[in-house]
Amino acid sequence: MKEKNVAGLLAIFLGGMGIHKFYLGQTGMGILYLLFSWTVIPCLVGIVEGVRFLAMSREEFDFTYNYESMPDEKKEVFHQQIKEQIEGSDFKKGFQTKPVHMPWEQVPTIEMDDDARLENIKNSYPKHIADKLLKREPWIGMSEEMVLDAFGTPVKLDSDAQGNRHFYYDYYEDENGEGAFALVMKVSEGKVIDIQSF
């Protein structure tokens, strides 16, 4: 299993050469960092990523980078913790916690013709997360960056009084001819905390 402190220190001190990406199993991104190692950009990005790794909770790091090697019991405990956090949250009126598994056959898919975007997703995330992003499968706890990578720019974006952001996707007209959205994700502190699918 990969260690968050090792990943953080590698990113801070050797991030300019992408060593932390190789350590995390993201070979494509590691090669990209190596190709641009003559510039300052990978060094700066490496420092930011290193600080982010060190600031992550152990559970969040494990879920993101060690998911496939985690025992099933630990995965279940992590999912239960997320569920309890969501159920204990004070949601704005009108937002209800929905199951993560949505009826995606009702949501039109986006044709992805941008090969660079597909490669970026494949190289930026572990395989189990990249697969979900490529299939446009949202889940509670996914980062705002993952939402934008998977779904692109939202059709509509707004915020509520608590500072939570709402990302609206897949506009359609309902049976009354009124505009509606098939997917709404509520994001707080950079993480999805609620998903509505209609």
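Close contacts from the range 171-198, counting a first residue that is farther than 17 Å from Ala150 by Cα and a second that is not in a strand (DSSP E or B), with Cβ to Cβ under 6 Å and a gap of 6+ residues or different chains, come to Ala180/Asp174; Ser188/Asn164.
May I ask you to say which residue of Val155, Val187 is surrounded by 14 or more Cβ atoms within 10 Å (Cβ to Cβ), touching a helix residue (DSSP H, G or I) at 6+ places or on another chain (Cβ under 8 Å) and aliphatic (A, V, I, L, M)? Break it down into steps so the answer makes sense when it comes.
Details: Val155 fails: touching a helix residue (DSSP H, G or I) at 6+ places or on another chain (Cβ under 8 Å).
Checking each option against the conditions leaves just Val187.
Each residue in the range 133-169 was checked for being assigned to a strand (DSSP E or B), under 17 Å from Ala182 (Cβ atoms) and under 14 Å from the mean Cα position of the chain (by Cα), and 1 pass.
Close contacts from the range 125-140, counting a first residue that is without any contact (Cβ under 8 Å) to a residue 12 or more places away in the chain and a second that is among the hydrophobic types (A, V, I, L, M, F, W, C) and in a helix (DSSP H, G or I), with Cβ to Cβ under 7 Å and a gap of 6+ residues or different chains, come to Ala130/Ile121.
Could you tell me whether any residue of the range 34-52 is closer than 16 Å to His128 by Cβ and either out of contact with any Cys (no Cβ under 8 Å at 6 or more places or on another chain) or not acidic (Asp, Glu) (or both)?
No.
Only the coordinates and a few stated rules stand behind these numbers; no lab work does. These numbers come from a predicted model, not from an experiment. All Cβ positions, even for glycine, are placed from backbone atoms using ideal geometry, and neighbour counts span all protein chains on display.
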